[in-house]
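Single-structure report; data block below.
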Amino acid sequence: MIYQNLLVDTDDNGIQTITINRPDKLNALSLETLKELKDAVHQVYDDETIKGVIITGSGEKAFVAGADITEFSEINELNARKFAENGQETFKLIEDCHTPIIAAVNGFALGGGCELTLACHMRLATANAKFGQPEVNLGIIPGYGGTQRLTRIIGSGKAFELMATGNTISADEAEEYGLVNYVCESKDALLAKCEEILLTIGKKAPHAVGQVIDCINAVSDPEKNGFQIEANAFANCCGTEDFIEGRTAFIEKRAPNFTGK
Ligand code: COA
């Protein structure tokens, strides 16, 4: 698939940067952009050489300023459910991916943009970043999983305030809320910090990292027994060659060389 709205670049370390690239529209997520994003994430699932992914927005002003409001005139009560499910499916693909994905939030992360950050495994931001779910201003609510993930990450009181007032919060407030792990001074520093974290994770046993992701995601699924899933995942890791390598390397006082097997 040739992308019109994404830039995808993988560096020599196997870290891929997916840039939402509609800067003149503050990187608003049009349906076509969402489709391209879904395709790009599918490619990540299929490519073991990709060790980690950074999702960011083009330019300095915005990560993603929401779903593309100019397409909203096409939405009605009949097709809206499908619209929401389409976004939910794409973001679930991000959340469930065993390759770590970090949102590098370089400005406005509003509406669907904020929801996109919530589906990533971690969020880092520049000092000028702003987070918000302003859908109530348009007479709607978040539909790409935001009501669930925001509540899970920052708690119901703060999530309610953000979604019911439509107010935005700064990067520092987002850090206080536990929404953001680190606030960086510039976009370059932000991308460098994301890369550093992904390279650290990339040195660990990939299977174990994937199991951590599954266990964390089980927290939000009421049909899953997270403790059972954790025990199964633990047992699963114990059957890998990487577990033998990890414990042998410790005894031999050397760095482990994990292979993902
Ligand atoms: N969908 C479509 N286009 C969008 C957009 C969105 N979500 N957000 C911004 N844009 C477009 C603007 O229409 C404008 O396009 P134009 O130059 O063709 O008029 C361009 O991006 C720049 O935005 P602008 O509003 O001029 O920038 P600003 O600095 O004055 O304001 C925001 C920035 C983010 C506060 C403002 O753009 C905004 O409120 N955007 C919508 C946020 C939102 O409600 N998102 C949730 C959608 S469910």
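For region 19-42, filtering for residues that are closer than 23 Å to Phe83 by Cα and either outside the structural domain of Leu118 (by TED's automatic domain parsing) or not in a loop (DSSP other than H, G, I, E, B) (or both) leaves 16. For Gly143, are the conditions met, namely being small (Gly, Ala, Ser) and touching a helix residue (DSSP H, G or I) at 6+ places or on another chain (Cβ under 6 Å)? Yes. Hey, could you check region 152-184 for residues that are in a helix (DSSP H, G or I) and in contact with a Ser or Thr (Cβ under 7 Å, 6 or more places away or on another chain) and say which is most open to solvent (accessible area, probe 1.4 Å)? Going through the qualifying residues, I end up with Arg152. When Gln43 is tested against the conditions (1) open to solvent by less than 50 Å² (accessible area, probe 1.4 Å); (2) under 16 Å from the mean Cα position of the chain (by Cα), the lone failure is (1). Just checking, how many residues over region 32-61 are of a type outside the set (S, T, N, Q) and under 18 Å from Ala189 (Cβ atoms)? Residues flagged as of a type outside the set (S, T, N, Q) and under 18 Å from Ala189 (Cβ atoms) within region 32-61 amount to 7.
Among the candidates Asp214, Asp188, Asp221, Asp172, which residue alone is acidic (Asp, Glu) and at pLDDT below 95? Break it down stepwise before answering.
Details: Asp214 fails: at pLDDT below 95; Asp188 fails: at pLDDT below 95; Asp172 fails: at pLDDT below 95.
Matching residue, one of Asp214, Asp188, Asp221, Asp172: Asp221.
So, in region 117-151, of the ones that are surrounded by fewer than 19 Cβ atoms within 10 Å (Cβ to Cβ) and more than 14 Å from the ligand (Cβ to nearest atom), which residue ends up farthest from Asp221 (Cα to Cα)? By that ranking, first place goes to Ala127.
Of the residues making up region 237-258, those that are in a helix (DSSP H, G or I), among the hydrophobic types (A, V, I, L, M, F, W, C) and out of contact with any Phe, Trp or Tyr (no Cβ under 7 Å at 6 or more places or on another chain) number 6.
Which one is surrounded by the fewest Cβ atoms within 10 Å (Cβ to Cβ), of the residues in region 51-61 that are under 16 Å from Thr17 (Cα atoms) and within 16 Å of the ligand (Cβ to nearest atom)? Result: Glu60.
With the condition kept exactly as written, say whether any residue in region 69-90 is more than 12 Å from the ligand (Cβ to nearest atom) and open to solvent by less than 30 Å² (accessible area, probe 1.4 Å). Yes, region 69-90 contains a residue that is more than 12 Å from the ligand (Cβ to nearest atom) and open to solvent by less than 30 Å² (accessible area, probe 1.4 Å). Taking the conditions exactly as written (more than 22 Å from Gly166 (Cβ to Cβ), part of a loop (DSSP other than H, G, I, E, B), open to solvent by 10 Å² or more (accessible area, probe 1.4 Å) and within 13 Å of the ligand (Cβ to nearest atom)), does Glu48 satisfy them or not? In short, no. Would you confirm whether or not region 15-30 contains a residue that is within 16 Å of the ligand (Cβ to nearest atom), small (Gly, Ala, Ser) and open to solvent by less than 20 Å² (accessible area, probe 1.4 Å)? Yes, that holds for at least one residue.
The values are calculated or read from the model by the stated rules, or taken from the named source; none is laboratory data. In this text, all values refer to a predicted model and were calculated from it rather than measured experimentally. Note that each Cβ is placed from the backbone with ideal geometry, even for glycine, and that neighbours are counted across all protein chains shown. All accessible areas refer to the heavy atoms of the entire protein, side chains included, with ligands and DNA or RNA removed. Shrake-Rupley method; radii C 1.70, N 1.55, O 1.52, S 1.80 Å.
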